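Please treat every number below as a calculation from the coordinates, not as lab data. Worth saying up front: this structure is predicted, and the values here are computed from it rather than measured. FYI the Cβ positions are ideal-geometry reconstructions off the backbone, even for glycines, and counts take in every protein chain you see.
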Amino acid sequence: MPNPLTRKLELFGELPAEDRRLLDAVATGRRSVPAKTSIIQEGDAPSDVHLVLSGFACRSKVLANGRRQIFAYLVPGDFCDLHIFILKAMDHSIETLSPCEMVAIPRARVLELTGRPAIARALLWSNLVDEATLREWLVNLGQRDAVQRIAHLFCELHLRLASVGLVRDGEFSLPISQSELGDTMGLSTVHVNRALQSLRRQSLIGLESHVLTIPDIDRLRKFGDFNPNYLHLEGGKTDRSPTGGVRPG
């Protein structure tokens, strides 16, 4: 089975065998990182790019009063900091939410990846999806109620994890605490608990021992006003029409 990075990038277009071998080589040398570990702190100027191979990590900022806003989840196949070479210093922090397996990729290796046209194109699509996801999170926080916000997030995670083969029969690991959900959704822990109970009462989800079960994903998507178009899971794929023209996939 391809590593999660290859599986993710192939959503955006077929990769030549040589590119797949390169991605496999990049994904070696993994190390285990405990939960609640800082990978990069705001203000750092790191030299390596980090790739998540298992577990959950996040992007966040902490205010002077200690309050935290999580504004992105990083799941298997995601780069934490692909563009660090452009920035003089990080403008946010990255930390693990669960035990993770990660790979630190040196600058030279990253430049080798971006020198491969098919990989570079897939990475560009991936970056555009990250930007679209952030826009959708802003809409989610600003325009949906507490229960819808969480339902929408669960739909997104379901699709993102399914795309790299990590959903089985509507179930996937969700190693996130209610406090962390609150830091993500702009809600108190009490409000998160109430929202989860509401989703359970409506039989929209099951959540036990950090395993989320979604019995009917279409029903949860309708409830959470979830449209997957911003994830662009067909990426840059194209297919040929009978007349020879190119049609977006």
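In the calculated pair-distance distribution of the stretch 58-178, the portion above 20 angstrom amounts to 53 percent of the Cα-Cα pairs.
Of the residues S173, W125, A146, the one whose Cα sits farthest toward the positive end of the charge dipole of the stretch 51-179, with +1 on the Cβ of Lys and Arg and -1 on the Cβ of Asp and Glu, is W125. Backbone geometry of the stretch 220-232 corresponds, through the Karplus equation with coefficients 6.51, -1.76 and 1.60 at θ = phi - 60°, to 3J(HN,Hα) couplings of 5, 4, 5, 5, x, 6, 9, 10, x, 4, 6, 7, 6 Hz, x marking Gly and Pro. Rounded to 0.05, the FRET efficiency of the T28 and D225 pair, given R0 = 41 Å and the Cβ-Cβ distance, is 0.50.
Give the cross-link partners of K8 among the aspartates and glutamates, using a straight C-alpha distance below 14 Å as the criterion and excluding same-chain residues fewer than 8 apart. K8 reaches D19, D24, D78, D130, E234. For the stretch 67-138, what class follows from the C-alpha gyration tensor (a ≥ b ≥ c being the square roots of its eigenvalues): rounded when a/c is under 1.5, otherwise prolate if a/b is larger than b/c, else oblate? It is prolate, given that a/c is not under 1.5 and a/b is the larger ratio. Take the chain, connect every pair of alpha-carbon atoms lying under 10 Å apart with a spring to form a Gaussian network, then pick out the residue of S98, S47, S60 with the largest mean-square fluctuation. Of the options given, S47 has the highest mean-square fluctuation.
Choose one answer from L141, L87, L97: the residue with the largest mean-square fluctuation in a GNM of the chain with alpha-carbon springs under 10 Å. The residue with the greatest mean-square fluctuation here is L87.
Extension gain, F71 to D44: 0.36 nm times the residue separation minus the Cα-Cα distance gives 7.9 nm.
Phi-derived couplings, Karplus 6.51 cos²θ - 1.76 cosθ + 1.60 at θ = phi - 60°, listed residue by residue for the stretch 51-57: 10, 8, 10, 7, x, 10, 10 Hz, with x used for Gly and Pro. Taking a label point 7 Å from the Cα of H232 along the Cα→Cβ vector, which residues of the stretch 114-142 have an amide N closer than 18 Å to it? Once the point is set 7 Å along Cα→Cβ of H232, 114, 117-139 turn out to lie under 18 Å by backbone N, inside the stretch 114-142. Largest GNM mean-square fluctuation across M185, M102, M90, computed for the chain with C-alpha springs under 10 Å, falls on M90. Under the simplified labelling scheme, the S177-D145 pair shows an inter-label distance of 2.8 nm, with each label point 7 Å from Cα along Cα→Cβ.
For the chain, count all C-alpha to C-alpha pairs, find those more than 29 Å apart, and express that count as a whole percent of the total. Percent of Cα pairs beyond 29 Å in the chain: 31.
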